[in-house]
Every structure is written in C-alpha cells, then in structure tokens.
Amino acid sequence: MEIIKLNVMRGPNYWSASHHQLIVLKIAADKVAAYPAAATDEMINKLGGLRIPSHLIYPGLSLTKLVGYIAVALQKLAGMDCEYFTGQPNEQQPDTNVVFPYTVETAGVYAAEAAVEIINTLHNQQPCYWDAAIQQLSLLNRRDALGPSTKAIADAAINRGIPVTRLDRDSLLMLGYGANQRILRAAVTGSTSAIAVALAQDKDSTKKLLDANYVPVPRGVIIDQLDELVAAIEDLGFPLVIKPSDGNHGRGITTMIQSQAEAVKAFQIARQVSDDVIIEKHIYGHDFRFLVINYQLIAVAKRTPASVTGDGILTIAELVEQANKDPRRGPGHQQVLTEIKINDDTLAILATLQLTPASVPAKGKTIYLKSTANLSTGGTAEDVTDLVHPDNKALAERIARLMDLNICGIDIMAGTVAEPIKEGNGAVLEVNAGPGLRMHLAPSQGTSRDVAGPIVDMLYAGNRPARIPIVAITGTNGKTTTTRLIAHLAREVGYHDGFTTTDGIYIDGRLIETGDCSGPQSAGVVLRDPLVNFAVLECARGGILRSGLGFDRCDIGIVTNISADHLGLDGIETLEQLARVKAVVPKSVASNGYSILNADDDLVYQMKDHVESKVALFSGHSENPRISMHIEEGGIAAWVEDHWFIFCRNGQKRRIMPVADVPLTFNGTAASMIMNTLPAIITAFICKIPVRQLHSALLSFKPSPENTPGRMNQFDFSHFRLMIDYAHNEGGYHELKTYAAQVTASIKTGVIAATGDRREQDIRNLGSLAAEIFDELIIRHDKDGRGRTNDQITSLLLEGIKKIKPKMPVIVISDEIEAINYAVTHAQKDAWIFVNTDNVHESLAFVKRIHQNYLLHNSGNNVAA
C-alpha cells in the first residue's frame with residue numbers, strides 16, 4: 001500500500017461539515033485490491049494491542065477504514081483526544097480514500113504514514129512493532145500541541161461559540177474574526193499592558209513599586225557583581241533567597257541559603273538567567289499563587305515543591321522514578337503534573353541534608369527535591385480559594401491594579417491565607433505576567449477552577465461580538481462577480497470589507513495580492529485583518545477539496561449554479577459529486593443564517609434539504625413553481641418579473657428596480673449578470689441594507705476592468721468592439737452564447753483557449769460551442785498546460801470546432817497578448833471580438849493601453865478638425 005496523496009482538512013470540508021480536522025489519504029485502487037478480505041481479517045487479529053473498539057471491527061472490514069482506525073488508535077495511545085470517524089461520501093471513486101481525524105496536525109500526518117506502514121508490515125508477514133510510532137506521536141504531541149493554559153482558553157472560547165485560529169506553531173491564538181478579533185499568547189492578551197509585562201519581568205522594580213505602596217515584600221538588594229554578595233549577606237542575614245532579576249518558571253532561584261558558600265553558588269546559578277541578581281531575606285511559610293483576572297481574584301493555589309516520601313526500602317532515585325509513573329505526570333507542561341528530574345538544584349538540596357540520590361529515606365520521611373514550588377519543576381498544587389481572607393483578596397486585586405496587569409499571578413509566602421497577610425506575617429515574593437493556569441485547572445488536591453472562562457469573558461465583556469458578517473459564495477460560474485457586487489454593497493453602507501476572488505485579495509477596496517485567491521488561506525488573510533468588519537469570500541472547488549473552508553461557519557452561503565467543470569480531477573467525476581463539494585458552503589452556514597440557493601438549478605435547489613440554516617431562493621423566472629411554493633411558506637426569495645427585480649419576504653412582494661437600469665446587466669441583455677445580481681439583492685435585505693442604499697450601490701457598480709476585471713469587460717473602438725471575459729467552461733460558454741446572440745456585428749471573432757487538465761470531451765465541447773458562437777476563431781494557449789501540450793489542446797479544440805463548422809477559419813497564436821494584438825490589428829469594420837483570458841490583469845492592461853492610445857489619437861484628430 002502506498003500513499004499517493006495526503007490532504008489536511010482545517011475547516012468544513014467535502015468529507016464532513018462538522019469534523020473540521022481530518023486527514024484524507026488517497027491510495028491507488030489497484031494497491032488496495034492486492035489485499036484480499038481474508039488477509040485483512042488476519043491483520044485485525046494481530047492488532048489487539050491497539051485497542052480499537054470491538055464494534056468497529058468486523059469480518060470483511062474495508063482496508064481503508066482499518067487504516068483510519070489504526071491511525072486514530074495510535075494517536076489515542078500517544079495521549080491525544082482523538083475520536084473514530086466513519087462518515088464518508090458513498091460514491092465509488094477510482095482512488096480509495098482513507099479519512100480520519102487528528103488533534104495535532106503534525107501527529108495526524110505521521111499517524112497516517114505509520115498506519116500504512118503497519119498494514120504493509122503485516123501484509124508482508126513481518127513482526128509489527130508500533131511502540132516506536134507511539135513514542136514519536138507522543139513527542140509530536142508534546143512539541144506541537146497547545147499547552148494546557150492556551151488550550152483551556154481556546155476551549156473556553158469555542159464553548160462560547162467564538163472561533164479560534166492558531167497563528168503559529170507555538171501558542172499564539174486569534175479569537176474571533178476581523179475587527180472583532182482578540183490576540184493572545186497563553187495568559188498574555190493583546191489588551192495586556194506591555195509596560196506591565198516589562199515591569200513584572202523586572203522583579204526589583206516590581207518590588208520597589210509594591211514596597212512604595214505599602215505592600216509587604218521581603219527585604220533585599222539587587223547586585224550584579226560577586227564581590228557585592230558579602231555586604232548583602234551582612235545586611236540581610238541568613239537564611240536568604242537568591243534569584244535572577246528577570247526570570248520565570250522558577251529558573252535560577254535558590255531558597256533557604258544558610259552559608260556564604262551556598263550563596264556564592266546560588267549567585268552563579270542566578271547569573272545564568274539574568275545579569276542582575278536579587279538577594280533577599282527568606283520568608284518562612286507556604287508558597288501561594290493568587291490568580292487575578294480583569295482585576296478580580298479568581299483562584300488561589302497552595303504550591304508544594306516536588307518531593308518524595310520514604311518507605312525505608314527504595315532510594316531517592318527509585319522513589320522519583322516511581323513518582324514519575326503517575327499517569328498525571330509527563331514531560332514539559334502537557335500533563336496535569338510535570339515529571340520530577342534530579343538536577344543540580346536537587347543535588348544541592350540533598351547535599352545540605354547529607355543525602356544523595358542513592359540514599360534510602362526512612363519510612364514516612366518526606367524529602368523536598370526543589371528550591372521552588374513551581375509546577376514546571378515537578379511541584380504539586382492544592383486549591384485553597386475558598387479559604388482566602390477578604391483582606392487578602394483585596395490585597396491581590398490592589399496589586400494587579402498597581403501593576404496595571406489584567407492577568408497576573410501573584411506569589412505570596414505566608415503561613416496561611418485564612419488570615420490577613422501583613423508585614424511579619426508573610427510577603428509578596430513576585431508578580432508574574434502570563435501566569436500558568438495548570439495548577440488551577442487541575443490541582444493535585446481541591447476544587448478545579450474555571451480560570452480560562454474569565455479570560456475570554458474579559459476579552460469580550462458585555463457580550464461584545466467576536467464574529468463579523470461572513471458571506472461565502474460558491475458555484476461553477478458567477479462566483480467572482482457576485483462576490484465583488486456584495487462587497488461593493490457592504491462598502492457603500494460604511495463597512496470595511498475584505499473579499500477574496502480568483503483575481504486576488506482585497507482589503508477595504510484595495511488589492512493586496514493578485515492571483516487565484518479563492519482558497520482557505522486567502523480567506524484566512526481577510527479574517528485576520530483587524531480592519532475588516534464584513535467579509536465576502538469566494539470558495540472554489542480546489543480549496544474545499546484540498547483543505548476545506550477557511551472559516552468555521554458563515555452567516556450567508558450562496559451557491560450560484562452547478563455545471564460541468566473540473567470533472568475528472570481529485571476524484572470528482574460527476575455533477576452530483578461536484579454538487580456535494582459545493583454544498584460544503586451552505587452546510588457551513590449558522591443555524592440562524594441563510595443559504596441562498598439557485599432555484600433554477602436542480603442540483604443547487606436540492607441542497608436545501610441538507611442544511612441547518614434558513615433558506616432563501618432566487619430565480620430568473622417568475623413562473624418557477626419552486627419560488628411560488630417557497631414564498632407561500634413564508635420564505636425569502638428574489639426573482640425577475642416583467643423585467644423588474646422582485647424581492648419577497650413574509651409573502652410581501654417588493655419591486656426593487658428595472659433590470660435594465662442595473663448597469664451590471666448590460667441593459668438587461670446579460671442573463672448571467674442578472675442571475676449574479678439576484679443573490680446580492682437577497683444578501684442586502686438579510687444584512688438590513690436600506691433599499692435606498694441598495695439602489696445606489698446597484699447603480700454605481702458598473703461592469704468595468706476596475707469593478708469586474710475579466711468579467712464582460714467591453715471596450716469600444718471606432719470600427720469594432722472588444723470584450724474580455726474569463727469564461728473557461730461549458731457553463732460559461734453557454735452564458736456567452738446567450739449574450740452573443742443579442743450582439744449585432746459584421747463578424748464575430750473569438751480568441752479562445754482550453755484548460756489542459758479538463759477531460760478530452762470537455763475540451764471538444766468548448767470547441768463546438770465556440771463554433772456555434774463565432775464566425776472565426778483564434779486559438780491561444782494558457783501558460784500552464786496542466787498536463788497537456790499546446791498541440792494536444794489545439795487538436796481537441798479543432799475536433800469540436802470541425803464537428804460544427806468543418807470549414808470554419810481558425811488560426812493558432814499561442815501567446816495571449818499576441819493573439820489579442822492580431823485580432824485587433826485585423827479587425828473588420830463593425831466586428832465584435834471576444835477574448836477568453838487566462839491572465840486577466842496582463843490582458844486588461846494591454847487592451848486598456850491600446851484603447852487609451854486609440855482615444856488619444858481620436859481626440860487629437862477631433863482637435864485638429
């Protein structure tokens with residue numbers, strides 16, 4: 001078995017609108033056929049150690065599902081919360097698909113490869129060991145999964161319906177979209193004061209600020225040279241604490257220093273973390289962490305340094321090994337507890353007790369192994385929130401205000417938190433920005449506290465919206481024009497729009513990237529921009545199949561039409577399969593949103609039965625019975641009646657404006673543009689755009705290279721007309737045929753091409769349609785043949801052309817600009833030239849240049865006259 005293609009889904013997708021994180025493998029069907037059912041059953045018998053649920057395993061189980069089950073089982077055994085997935089489209093495809101979920105993307109990809117390798121190993125009758133795969137997956141999980149604090153915040157946001165986007169491979173998250181986004185990294189948010197963070201990192205400055213405001217802190221000094229240490233010791237006296245001025249997670253801290261030799265060593269350890277070193281009086285008591293969020297005390301934990309308790313038999317090293325077997329412990333920060341490591345700090349502590357890791361403590365004797373109680377060094381935590389005295393609550397909240405730190409962890413040493421902490425009874429050791437949440441989320445003892453929810457509530461206080469309106473548009477033809485028109489409507493009423501098309505990405509009306517930007521990555525660029533408060537996203541077939549949509553859900557999903565295009569690619573062989581791809585968009589619409597569907601298209605209309613949202617319909621015909629039935633049921637619809645655009649809601653019909661008055665319709669002659677306008681009108685009403693402004697927007701959106709580049713862009717010369725359009729499939733050519741039939745011209749010249757990766761019959765059909773539309777043809781070629789040579793494409797087009805008009809005049813000029821130039825320089829009087837463009841911006845620039853030269857030349861002649 002061999003993986004021939006692997007795609008990672010990151011949003012609603014062809015395989016599932018609700019399972020966004022999926023790995024999709026393609027394995028050649030002939031490879032799968034080499035594994036008979038009996039062999040598969042034999043493999044299943046050898047996979048007991050993977051603990052695949054018995055209800056999923058049965059005789060004759062398909063090999064592809066088994067691969068998916070193995071991949072999930074490996075992830076689960078590696079500690080990832082991954083569930084089994086069985087839903088897949090039922091159609092037969094030439095390639096066999098394996099689909100399964102992941103929680104960590106890199107681990108999901110590795111699990112796919114490992115699962116296939118396990119199958120191949122078993123098929124070859126070789127011993128199969130999957131422990132190494134599980135170990136590697138565990139490593140990837142620790143390295144790439146969100147840490148517990150960040151994950152808790154992400155989960156809290158998702159539970160509140162707020163979208164979460166990971167912006168890097170670390171812990172940088174975006175909550176919400178566009179103008180309503182909030183950025184955070186663990187427990188530091190975009191609204192956290194940078195000055196406050198810097199102040200918290202400078203422990204000496206923090207201590208001085210608190211001391212000046214009568215907050216109890218330990219006596220101490222800051223030094224940067226070893227020769228200053230003796231004076232500090234004489235001033236403060238033992239026991240001491242020595243720590244770096246700038247550090248976190250307990251790094252470089254040594255406590256309970258009782259001698260000058262210990263102080264020198266501790267100074268050297270602290271200098272490895274920071275140039276400046278704090279020397280301060282040791283405060284006796286317990287280590288407490290106060291967590292303050294939005295200047296309110298949320299949780300308090302009592303922290304205890306990593307320790308072992310003797311049994312009179314095992315050595316300290318053996319007791320540590322035994323403690324690390326606790327399933328709650330693991331490397332780093334991924335588990336509830338961190339594994340204990342015997343390091344220099346541990347050895348120094350043991351030495352003061354005249355012990356070594358080989359020593360055997362007496363039964364019941366507790367040995368503390370770390371200088372600090374940080375969880376990151378193996379410490380444990382006990383929740384004591386309910387014991388906190390009101391004065392201590394007020395003290396913690398005052399400290400947060402003094403620091404201007406909206407999320408902070410305050411470390412306090414005291415005998416108890418049940419009594420007021422005052423000088424002599426305890427002290428504030430330090431204030432931490434970006435405090436870890438793990439000790440509060442899952443304490444070793446006591447009540448687990450929801451400390452992530454208050455962070456999200458702070459970021460979206462007062463039920464502020466996290467989302468922005470998202471309109472997603474798909475279909476075979478008309479997507480780009482519909483996208484642009486809706487974005488224009490939004491901009492007209494004052495929104496800062498962002499939209500994506502096959503032409504590029506636009507933010508607030510400005511082009512920021514050219515090229516085909518109709519995929520999820522481009523959608524992500526729009527939704528990441530803090531200016532955008534209205535997104536209009538073109539969603540093409542390729543992106544949906546490659547990695548899904550670039551958002552979790554949208555407010556409006558529009559499907560323009562379904563016709564033959566890209567068939568034979570990526571396992572999509574039929575119109576029904578293509579419709580299922582496009583249906584991902586309406587399936588992703590929120591339940592209170594609208595799916596706007598073309599009632600004239602059977603495949604699009606049928607999508608209404610598979611969406612959770614409300615449905616609105618549009619039609620180019622007033623007599624469409626689907627529209628009549630829909631409005632009788634109280635639905636929203638728009639259609640054309642007596643040459644007027646009509647909108648209806650709650651049974652109330654409203655005439656919008658004459659079709660011919662809308663410039664985009666070319667005086668009502670462009671049927672395709674009429675159909676593109678209808679869903680835009682529905683969108684305007686759903687978004688509560690006033691009718692007056694809707695009229696204004698429809699009138700100001702003129703078909704032009706600026707508003708609709710590559711979509712029926714017409715240029716008038718003195719003796720001929722030229723139109724540039726992106727029509728590149730049968731549906732587009734049928735629309736072109738309808739429009740061209742209304743064009744009066746002495747001769748109709750077509751500059752045509754075909755995309756190389758289409759089926760042979762599709763290319764022939766384009767040739768036949770072109771022969772029906774035009775009187776003469778120029779065949780050009782795209783720069784990317786997509787698997788076919790220019791000669792092969794020309795031959796297929798000619799077969800289609802000659803089938804309709806055997807004697808039709810045809811010439812071949814491969815370069816697009818040269819083909820346009822030839823058509824223009826050889827244009828007959830009153831000719832109409834149509835250019836099917838590949839490089840929209842380049843061709844438009846060329847035609848605009850020669851048209852401008854024409855206008856200047858004509859203007860000069862007129863002046864001379």
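The values are calculated or read from the model by the stated rules, or taken from the named source; none is laboratory data. Predicted model only: the values in this text are computed from it and were never measured. FYI the Cβ positions are ideal-geometry reconstructions off the backbone, even for glycines, and counts take in every protein chain you see. These area figures cover heavy atoms from the full protein model, side chains too; ligands, DNA and RNA do not enter into them. Shrake-Rupley method; radii C 1.70, N 1.55, O 1.52, S 1.80 Å.
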*Only residues in the range 49-62 that are of a type in the set (Gly, Ala, Ser) count as the first member; pair them with residues that are open to solvent by 50 Å² or more (accessible area, probe 1.4 Å), Cβ under 7 angstrom, at least 6 apart or cross-chain, and list the lot.*
GLY60/ALA37
*Would you be able to tell me the number of residues in the range 231-269 that are open to solvent by 60 Å² or more (accessible area, probe 1.4 Å), over 49 Å from the mean Cα position of the chain (by Cα) and not acidic (Asp, Glu)?*
5
*Does the range 140-165 hold any residues that are open to solvent by 40 Å² or more (accessible area, probe 1.4 Å), under 25 Å from MET439 (Cβ atoms) and not in a loop (DSSP other than H, G, I, E, B), and which are they?*
ARG142, ARG143, LYS151, ASP155, ILE158, ASN159, VAL164
*Filter the range 721-747 for residues that are within 16 Å of ALA670 (Cα to Cα), open to solvent by 20 Å² or more (accessible area, probe 1.4 Å) and out of contact with any helix residue (DSSP H, G or I) (no Cβ under 8 Å at 6 or more places or on another chain) and give the result.*
ALA741, GLN742, THR744
*Would you say ALA831 is over 44 Å from the mean Cα position of the chain (by Cα), at pLDDT 90 or above, of a type in the set (Gly, Ala, Ser) and over 19 Å from PRO709 (Cα atoms)?*
yes
_Can you say whether GLY409 is in contact with a Phe, Trp or Tyr (Cβ under 8 Å, 6 or more places away or on another chain), open to solvent by less than 70 Å² (accessible area, probe 1.4 Å) and not hydrophobic (A, V, I, L, M, F, W, C), as far as the supplied structure shows?_
yes
*If GLN354 satisfies every condition in (1) on the phi < 0 side of the Ramachandran plot; (2) open to solvent by 60 Å² or more (accessible area, probe 1.4 Å) but one, which is the exception?*
(1)
*Six or more apart or on different chains, Cβ under 6 Å: which pairs go from a residue in the range 661-677 that's under 12 Å from LEU698 (Cα atoms) to one that's open to solvent by 30 Å² or more (accessible area, probe 1.4 Å) and modelled with pLDDT under 95? Could you list them?*
PRO663/LYS702; LEU664/PRO703
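Give the residue that is most open to solvent (accessible area, probe 1.4 Å), with candidates limited to residues of the range 52-69 that are polar (S, T, N, Q) and either modelled with pLDDT of 90 or more or over 31 Å from the mean Cα position of the chain (by Cα) (or both).
If we take residues in the range 52-69 being polar (S, T, N, Q) and either modelled with pLDDT of 90 or more or over 31 Å from the mean Cα position of the chain (by Cα) (or both), then SER54 is most open to solvent (accessible area, probe 1.4 Å).
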_Restricting to the range 670-698, count the residues that are touching a helix residue (DSSP H, G or I) at 6+ places or on another chain (Cβ under 7 Å), open to solvent by less than 40 Å² (accessible area, probe 1.4 Å) and farther than 19 Å from LYS653 by Cβ._
5
*Does at least one position in the range 702-715 carry a residue that is at positive phi, in contact (Cβ under 8 Å) with a residue 12 or more places away in the chain, assigned to a loop (DSSP other than H, G, I, E, B) and open to solvent by 10 Å² or more (accessible area, probe 1.4 Å)?*
yes
*Go through the range 547-643 and tell me which helices (runs of 4 or more DSSP H), entirely inside it, have 3 or more residues that are open to solvent by 10 Å² or more (accessible area, probe 1.4 Å) and in contact (Cβ under 8 Å) with a residue 12 or more places away in the chain.*
575-582, 625-632
*asked:* Checking the structure you have, find out if any residue of the range 724-741 is out of contact with any strand residue (DSSP E or B) (no Cβ under 6 Å at 6 or more places or on another chain), part of a loop (DSSP other than H, G, I, E, B) and without any contact (Cβ under 8 Å) to a residue 60 or more places away in the chain.
replied: yes
*Quick one: is ASP168 in a loop (DSSP other than H, G, I, E, B), open to solvent by 30 Å² or more (accessible area, probe 1.4 Å) and closer than 25 Å to PRO305 by Cβ?*
no
*With (1) closer than 24 Å to VAL824 by Cα; (2) open to solvent by 10 Å² or more (accessible area, probe 1.4 Å); (3) out of contact with any Lys or Arg (no Cβ under 7 Å at 6 or more places or on another chain) as the list, and LEU769 as the residue in question, which single condition is left unmet?*
(3)
*Search the range 426-445 for residues that are within 20 Å of ILE195 (Cα to Cα) and pair each with any residue that is modelled with pLDDT under 90 and of a type in the set (Lys, Arg) when their beta-carbon atoms are under 7 Å apart and the residues are at least 6 apart or on different chains.*
GLU430/LYS203
*asked:* If I filter the range 848-858 for residues that are within 25 Å of MET673 (Cβ to Cβ) and touching a residue at least 60 places away in the same chain (Cβ under 8 Å), do I get at least one hit?
replied: yes
_Filter result (open to solvent by 60 Å² or more (accessible area, probe 1.4 Å) and acidic (Asp, Glu)) within the range 290-346_ = GLU318, GLU321, ASP344
*Of all residues in the range 814-857 being acidic (Asp, Glu) and under 21 Å from THR794 (Cβ atoms), which is least open to solvent (accessible area, probe 1.4 Å)?*
GLU816
*Odd one out for GLU632 among (1) in contact with a helix residue (DSSP H, G or I) (Cβ under 6 Å, 6 or more places away or on another chain); (2) at pLDDT below 95*: (1)
_Meets criteria (within 28 Å of TYR284 (Cβ to Cβ), at pLDDT 95 or above and surrounded by fewer than 21 Cβ atoms within 10 Å (Cβ to Cβ)) for LEU387_ = yes
*Of all residues in the range 759-816 being small (Gly, Ala, Ser) and closer than 23 Å to ALA745 by Cα, which is farthest from the chain's Cα centre (by Cα)?*
ALA771
*asked:* Quick test for you: out of THR474, THR481, THR502, pick the one residue that is at pLDDT below 95, of a type outside the set (A, V, I, L, M, F, W, C), open to solvent by less than 20 Å² (accessible area, probe 1.4 Å) and over 29 Å from SER193 (Cα atoms).
replied: THR481
*Scan ALA452, ALA400, ALA433 and give me the residue that is open to solvent by 10 Å² or more (accessible area, probe 1.4 Å) and closer than 30 Å to ILE162 by Cα.*
ALA433
_I'd like to check something: does the range 531-538 contain any residue that is modelled with pLDDT of 95 or more and open to solvent by 10 Å² or more (accessible area, probe 1.4 Å)?_
yes
*Working only within the range 791-828, note down all residues that are within 23 Å of GLU730 (Cβ to Cβ), touching a residue at least 40 places away in the same chain (Cβ under 8 Å) and not in a helix (DSSP H, G or I).*
none
_Residue, modelled with the highest pLDDT, within the range 279-310, restricted to residues that are part of a loop (DSSP other than H, G, I, E, B) and more than 22 Å from ILE399 (Cβ to Cβ)_ = GLY310
